[in-house]
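One structure below.
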Amino acid sequence: MSEAAPRDTRLALIADSYARLLGQPLVDAQGDLAEALWQAPRVIVAHGTEADPVFFYGNRLALHTFDMDFASFTRLPSRYSAEPLARKERARLLERVSRDGFIDDYAGVRISASGKRFRIERAVVWNLVDRAGGHHGQAATFSHWQPLD
């Protein structure tokens, strides 16, 4: 799957990888997966495998939380979602996810496009891995956050 893979393929990869790694569905997608991800009552984001990974997906709640529209969010290198001082911590987190497949206990400070800082807790971060074992990036979800400013 290339960085320019069709949207539906990438959305299925987000949901399928989560289900395979964590043993439960990410969303209840009885009908339209795209709509279920978009309307989920938690933030869902995903980035690719570029040298400086760029977000390729953020749901409605992610865009609201990070104060961005979809076009801007999907041009953002994911490291910029963390404050400069938290980027080393974020890099260690991503190394742990790469090694273990997922983590379900992440907490840290993030920053929105408008400069608002917020702390996320109990975030799940997982590898985007297709059924053949190909790695396509990482995704995260969280529903617990609080403003710091």
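Laboratory data are not the source of any read-out in this text; all were calculated from the coordinates shown. As the structure is a computational prediction, the values presented were derived from the model and not from experiment. In this analysis, Cβ positions are derived from the backbone assuming ideal geometry, glycine residues included, and neighbour counts consider all displayed protein chains.
Values computed for the structure shown
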| item | result |
| --- | --- |
| Electrostatic dipole magnitude of segment 102-149 [Cβ: Lys, Arg +1; Asp, Glu -1; Cα centre; debye, to 20] | 160 debye |
| Top of 12, 46, 62 by mean-square fluctuation, Gaussian network on the chain, Cα under 10 Å | 12 |
| Mean shadow area of segment 1-56, taken as a quarter of the surface of its Cα convex hull (nm²) | 4.3 nm² |
| Rel. contact order, % - alpha carbon contacts under 8 angstrom, at least six apart, segment 7-147 | 23 percent |
| The chain: most fluctuating residue of 72, 112, 17 per GNM, C-alpha cutoff 10 Å | 72 |
| Cα-centred dipole magnitude for the chain, charges only on beta-carbon of K, R (+1) and D, E (-1), debye, nearest 20 | 400 debye |
| Crossing angle, helix 87-100 versus the chain [Cα axis fit, 0-90 degrees, rounded to tens] | 20 degrees |
| Span from the segment 111-129 Cα centroid across to the segment 46-99 one, whole angstrom | 8 Å |
| Positive-end residue, segment 8-55 charge dipole about Cα centroid, Cβ charges, pick of 19, 31, 54 | 19 |
| Taking the C-alpha atoms of the chain, convex hull volume expressed per residue in Å³ | 106 Å³ |
| Label-point separation, residue 88 to residue 35 (7 Å along Cα→Cβ), nm | 4.8 nm |
| Sum of -39500 (n - 2.57) over DSSP H runs of 4+, divided by residues of the chain (222 nm, nearest 500) | -9000 deg cm²/dmol |
| Integer Hz, Karplus 6.51/-1.76/1.60 couplings in order for segment 113-124, x for Gly and Pro | 4, 8, x, 6, 9, 8, 9, 9, 9, 6, 6, 9 |
| With Cα atoms, 0 to 90° folded angle of helix 7-22 axis to the chain main axis | 90 degrees |
